[in-house]
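Down below is the structure, laid out as structure tokens.
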Amino acid sequence: MSLTKQTVENNLGGKRLILWLIVALILNAAMVIYLYVDLYQTNTSEIKSRQYHLALEDVRGDIEYYSEVLTMSSRLYSFTGNEKWKNRYLDNANKLQDTIARSKDFTSNVYIDVLAKMFNDASDKLAAIESKALSEQAIGLPWKDNILFGREYQKQRQLYVSGIQQFSKSAHSSIRLNQLKSRIAYIDEVLTMSARMASFTGDITWEERYLRFVPLLDASIAEALELSNNKKLESLLAKVSDANGALIAIEEAAFGLVAKGDLPAAQVLMFGVDYESQKLIYAKGMDEFGHALSSEVLAEIQTLDKKTQFSAVLILLLFMLLMGFALFVISRVHAWEEKLELRNRELKSKKDELEIFSYSMSHDLKAPLKTILGFSTRIAKHLDRGRYDDLSLLNSHVHKNAEKLDVLIDDIMDVIKSEKTKDLSEEVNFPEIEDHIRDGVYSLGHEHVQLLTSFKHTHTFYGQKSSLKQILENLIGNAFKYHNPGVENPYVSLKTSSEPDGKLQITVSDNGIGIPENLHDKVFSMFFRADASLSFGSGLGLYLVKKKIENMKGVIDFSSSPRGTEFIITLPNKF
Amino acid sequence: MASECNSILVVDDNESDRMLAQFAIEDAGVTKKIFFSNDGEDALNFMKEYDLYKKKEGDLYPPNVVLLDINMPKMNGFEFLDQYEKLNADERYQSLIVLMLTSSHSDEDKARAEKYDAVKGFITKPITEERIAEIVAGL
């Protein structure tokens with residue numbers, strides 16, 4: 001009882017384990033999907049943010065730079081009347097327009113939108129003043145009368161520049177480098193133009209502006225050098241820095257001349273071949289630096305993209321591995337469960353057998369005892385009453401029941417032994433078994449029943465000889481007992497043959513009275529007896545036959561009709 | 001002096017036990033006629049063939065007491081009771097008393113036996129004439 005209960009619980013445990021495993025798997029899958037989505041989103045948003053900031057910085061830096069160029073070109077044109085400056089102005093004015101148009105891509109950000117509006121306004125007002133100055137042919141006017149130096153113009157420029165400088169520093173190095181690149185270009189333009197303005201106007205206050213920007217330029221170049229993480233960017237920056245040093249030297253000399261009042265000499269320095277060639281070196285260096293930087297940023301983004309993909313593949317692989325493992329575990333648990341189920345059924349049938357055994361044992365062992373007890377009381381009574389005539393009859397019943405008890409105890413011992421012991425395999429000699437059985441059955445009478453044998457097995461059979469002897473003794477004994485007295489030639493036949501795979505097949509058949517159909521499923525049950533008037537056994541005979549055959553890993557089957565019965569046993573050889 | 005009944009049917013597969021029952025009944029002197037059956041199936045057939053035995057046995061048939069062994073081949077005591085209850089009303093006997101016989105006392109068997117209306121007693125073997133007389137007196 002307790003055994004069965006325990007195995008049932010084990011079985012439920014297996015199901016519960018699978019359930020937990022599935023839950024764990026679902027949680028796991030959810031986690032993996034969450035990780036995957038999170039990683040993908042983080043990386044994608046990082047890529048987008050970098051791309052956004054990069055584009056934004058391009059626009060901002062360009063606007064800052066162009067606006068300086070516009071102011072200074074328009075001023076220079078108004079001083080010199082040189083068409084070169086007007087063309088530069090117009091050229092850069094177009095570029096600024098394009099850039100402002102590009103800046104509309106960023107209107108999604110409210111803050112940037114407000115700023116963009118601000119420089120749009122200031123930009124429009126500045127452009128209006130500049131074009132007025134250009135068209136009015138104000139060339140040669142003293143600078144203090146020039147509207148390009150007027151209060152309104154200065155105010156709009158302040159607004160404009162402060163708007164553009166609102167953008168915060170980017171924390172990301174390559175974007176910050178891009179910001180610095182624009183800053184350097186812008187400051188350089190400021191320095192050049194301040195020195196040139198001073199050389200035209202003789203106004204030494206330009207030097208103040210100039211001196212304010214020089215340290216800013218140095219700081220920007222230093223920061224850029226620090227952030228540059230490769231040799232190419234560093235060498236380009238060094239080139240720019242050198243050209244810058246040369247330019248500053250010329251500009252400082254020009255300021256010296258302005259201070260002495262020698263404006264024409266200062267102008268010669270500021271527009272001379274030396275200055276222009278250094279400007280060219282500087283501009284080329286900045287240009288190359290810009291290219292190198294953007295390709296680096298692009299490469300960074302690509303790397304990030306690849307990392308995302310790689311991580312995604314890794315996560316998927318991990319997930320598949322987990323799934324595979326889970327499936328493996330589930331299949332193992334399933335197999336284990338099936339095994340358990342089988343074991344459970346075996347145990348249950350063993351338990352049922354045991355229950356029948358203990359019930360029948362107590363009943364069947366007691367029955368002959370009670371009968372003997374009854375007869376002994378009866379004998380005592382008859383002795384008392386002086387009835388001596390039937391004492392011998394009464395005693396024969398005592399004897400018969402004692403014998404029955406003896407047989408029963410032997411059979412029960414045999415059952416217990418069959419559970420425990422396993423005989424060794426040995427060569428089985430069938431004619432020897434036949435002789436033994438013949439002696440047995442004919443000693444009980446039935447001389448008119450024939451025992452026919454035919455041993456045709458081709459493979460020598462190795463098995464449990466004593467068990468096989470008992471099995472055949474029992475089957476053949478039963479066949480003799482239940483022979484049909486009504487047939488002319490009652491017989492019992494014992495045949496052997498070999499199956500192709502070496503298994504032994506034994507057939508015991510007869511033309512006896514057969515087993516009633518309603519008893520077919522009870523034939524191998526414990527304590528089965530077909531007919532009380534014919535059977536004197538314990539009812540354990542066929543149960544033992546089946547048990548012994550199963551011990552030898554064999555099978556037994558039978559068919560029966562009122563014309564006879566046939567038992568077929570199949571046994572593996574040398575098992 | 002002793003009470004009598006029509007006849008008694010003894011159903012037992014063991015020949016010795018049938019003989020012991022016969023002695024006990026005879027000594028008790030409670031009936032003139034005893035019928036015997038080897039098993040439940042045999043007994044059921046006997047009971048079904050009312051007309052046949054009535055002619056042969058007269059007023060002694062049908063028996064109104066059955067001594068029924070539990071453990072028998074073919075059809076055991078309980079199977080017999082199941083089949084008997086399924087019989088048509090005209091095949092069943094009025095006021096039939098069944099006394100179950102068993103070699104070893106079992107509470108489960110006793111409880112099972114008490115569920116049948118006809119079962120009026122549960123006797124552990126060997127049966128004695130005193131027990132028979134007592135039961136027949138109670139009829």
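Annotations for the structure displayed:
- By the count of neighbouring beta-carbon atoms within 10 Å, fewest first, B:130, A:353 end up ordered B:130, A:353.
- Secondary-structure-derived ellipticity at 222 nm for the protein assembly as shown, considering helices only, amounts to -23500 deg cm²/dmol, per-run term -39500 (n - 2.57) for DSSP H runs with n ≥ 4.
- For residue B:100, distant residues with modelled amide H under 5 Å away: B:68, B:120, B:121, B:122, B:123
- The Cα atoms of segment A:182-280 cover 46, 26, 17 Å along the three principal axes, with the biggest extent listed first.
- Among beta bridges identified by DSSP and lying wholly in segment A:424-575, the antiparallel ones come to about 75 percent.
- DSSP bridge orientation in chain A - percent antiparallel, rounded to nearest 5: 75
- Diffusion coefficient of segment A:437-575 by Stokes-Einstein, Kirkwood radius over Cα pairs, 25 °C, 0.890 mPa s: 159 µm²/s.
- Of every Cα-Cα pair in the protein assembly as shown, the percent that sits beyond 43 Å: 60
- Neighbour-count order for A:452, A:247, B:20, fewest beta carbons within 10 angstrom listed first: A:452, A:247, B:20
- Ordering B:98, A:398 from the fewest to the most neighbouring beta carbons within 10 Å gives A:398, B:98.
- Local net charge near residue B:36, Cβ-Cβ under 10 Å (Lys/Arg +1, Asp/Glu -1): -2
- One decimal place: the segment residue A:458-residue A:216 gains 76.1 nm when fully extended, by the rule 0.36 nm per residue minus the C-alpha distance.
- Rounded Å value of the spacing that divides the Cα centres of segment A:308-360 and segment A:455-526: 42
- Mean Cβ count within 10 Å, highest first, over the residues of peptides A:281-287, A:379-385, A:237-243: A:237-243, A:281-287, A:379-385
- Taking 7 Å steps out from each Cα toward its Cβ at residue A:338 and residue A:45 produces label points 5.0 nm apart.
- Residue mean of other protein chain beta carbons inside 10 Å, B:68-80: 3
- Per-residue mean of foreign Cβ neighbours for A:357-370 is 4 (Cβ atoms of other chains, 10 Å radius).
- Intensity falloff of segment B:6-137 expressed as log10 I(q)/I(0), Debye formula with alpha-carbon point scatterers, at q = 0.09 Å⁻¹: -0.22
- Total lysine pairs whose alpha carbons fall under 19 Å of each other in segment B:6-137 (8 or more apart, or interchain): 15
- Between residue A:373 and residue A:488, the C-beta separation translates, for a Förster distance of 51 Å, into a calculated FRET efficiency of about 0.65.
- Residue A:128 versus residue A:521: modelled label distance in nm, points set 7 Å from Cα along the beta carbon direction: 10.9
- Inter-chain Cβ neighbour average for residues B:101-111, partner chain, 10 Å: 3
A short reminder: the numbers here are calculations on the coordinates, not readings from a lab. Nothing here was measured: the structure is a model prediction, and the numbers come from that model. Note that each Cβ is placed from the backbone with ideal geometry, even for glycine, and that neighbours are counted across all protein chains shown.
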